[in-house]
1. Roughly what would the spin-label model give for S157 and H192, points 7 Å off Cα along C-beta, in nm?
2. Hey, rough spin-label estimate for E95 and W259, points 7 angstrom out along Cα→Cβ, what's it come to in nanometres?
3. Tell me the Kirkwood hydrodynamic radius of segment 57-130 in angstroms, computed as one over the mean inverse distance between distinct C-alpha pairs.
4. Arranged from highest to lowest average of other beta-carbon atoms within 10 Å per residue, in what order do the peptides 42-55, 269-282, 157-170 appear?
5. What accessible area per residue comes out for the chain, rounded to a whole number of Å², with a 1.4 Å probe?
6. Please build a GNM for the chain, connecting alpha carbons under 10 Å apart, and tell me which residue among E181, E95, E202 fluctuates the most.
7. Just list whichever of K45/K180; K185/K222; K167/K230; K180/K254 have alpha carbons separated by over 31 Å in the model shown.
8. Run lengths n ≥ 4 of DSSP H only: what is the helix-derived mean residue ellipticity at 222 nm for the chain, with -39500 (n - 2.57) per run over all residues, to the nearest 500?
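The values are calculated or read from the model by the stated rules, or taken from the named source; none is laboratory data. Since the model is a prediction, treat every value here as computed from it, not as a measurement. Neighbour counts run over all protein chains shown; Cβ positions are idealised from the backbone, glycine included. Side chains are part of the model used for accessible areas, which takes the heavy atoms of the whole protein and leaves out ligands, DNA and RNA. Shrake-Rupley method; radii C 1.70, N 1.55, O 1.52, S 1.80 Å.
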Amino acid sequence: MSKSFKSIIRSYYCGDSFAEYFNPIYPFTTENISGYIDSFDLKDKSLLTVGSSGDQAINAILKGCNDVTIADINPYTRYYYYLKVASIISLEMDEFLKFLRYLNFNGPYRHNKEVLNSQIYMRIRETLNRLDQESLNFWDELLISKKAIKIRKQYFSNDEYTTSLIKKCNPYLQSEELYKETRCKIQEVTPHFITQNIITEELFGSYDNIWLSNIGVYIDLKTLDKMVMKTIELLKKQGTLLISYLYSFTKDTKYQYGWDPIYDLKSTLRVLQRFNPELQSFEGIEEQDSILLCHK
């Protein structure tokens with residue numbers, strides 16, 4: 001193991017400035033991916049997506065996407081993606097959820113004490129080693145001898161839905177058959193990882209689809225315009241860009257003072273008008289959610 005990689009592990013576990021620089025890992029998506037995924041042509045296509053929980057990539061692969069690039073400023077995203085994939089390959093769906101679920105596991109306020117259990121981890125270790133040696137080193141250091149619940153609490157987001165909602169959001173968890181289909185397909189795709197700031201750093205490549213999740217919620221409209229211009233240039237002809245996921249929002253939602261700028265739909269559409277953006281709404285997490293997208 002290189003000195004630099006050891007320092008990453010040490011930073012992650014000890015909670016120094018390196019680890020604190022990054023947002024916590026999302027254990028599962030907070031987007032209803034099931035609500036929008038069929039709006040995209042993914043079969044035998046390429047996708048650039050944010051990393052986060054890895055669920056965007058996993059669900060895209062289930063839908064036939066065979067060329068996936070995952071971009072995230074947080075280097076831990078890669079390690080978690082491979083931990084999740086190794087778990088899908090090695091475990092049945094109920095065991096997979098037992099290993100990675102924590103909050104509200106069997107009902108409100110009932111936490112899963114078996115999360116990241118070392119015995120379950122040992123069952124996926126060989127698969128993880130085959131998939132990505134660096135990820136194996138990372139999780140070996142954290143899970144074999146350390147307290148798993150402490151790791152889960154300290155480095156993962158508490159923004160985690162109930163099991164039923166997680167299944168609703170993720171096509172790969174909606175049935176045993178889809179889970180097994182994902183297990184087969186995911187072994188045929190090796191993602192490319194980009195560890196950089198998608199807003200400020202130069203990107204390269206050419207993609208049929210690009211998903212920016214809800215990055216747009218955290219930036220002003222001027223920066224949003226620059227991000228869309230930058231990423232749409234990476235789209236292939238007739239490609240589709242998911243500009244932003246918008247929670248509890250439709251075209252009829254009235255903007256309220258203090259909301260993030262992107263939710264001021266009239267202003268957002270005016271700023272992005274040269275891209276001909278569209279708003280698509282669907283059944284969301286609590287109410288109707290939407291995605292803002294455009295085509296090349």
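1. Once both label points are built, they end up 2.6 nm from each other.
2. 4.6 nm
3. Evaluated over segment 57-130, this radius sits at 13.7 Å.
4. 42-55, 157-170, 269-282
5. So the chain comes to 48 Å² accessible per residue, rounded to a whole number.
6. E202
7. Too far apart for the 31 Å limit: K185/K222; K167/K230; K180/K254.
8. Helix-only estimate at 222 nm: -11500 deg cm²/dmol.
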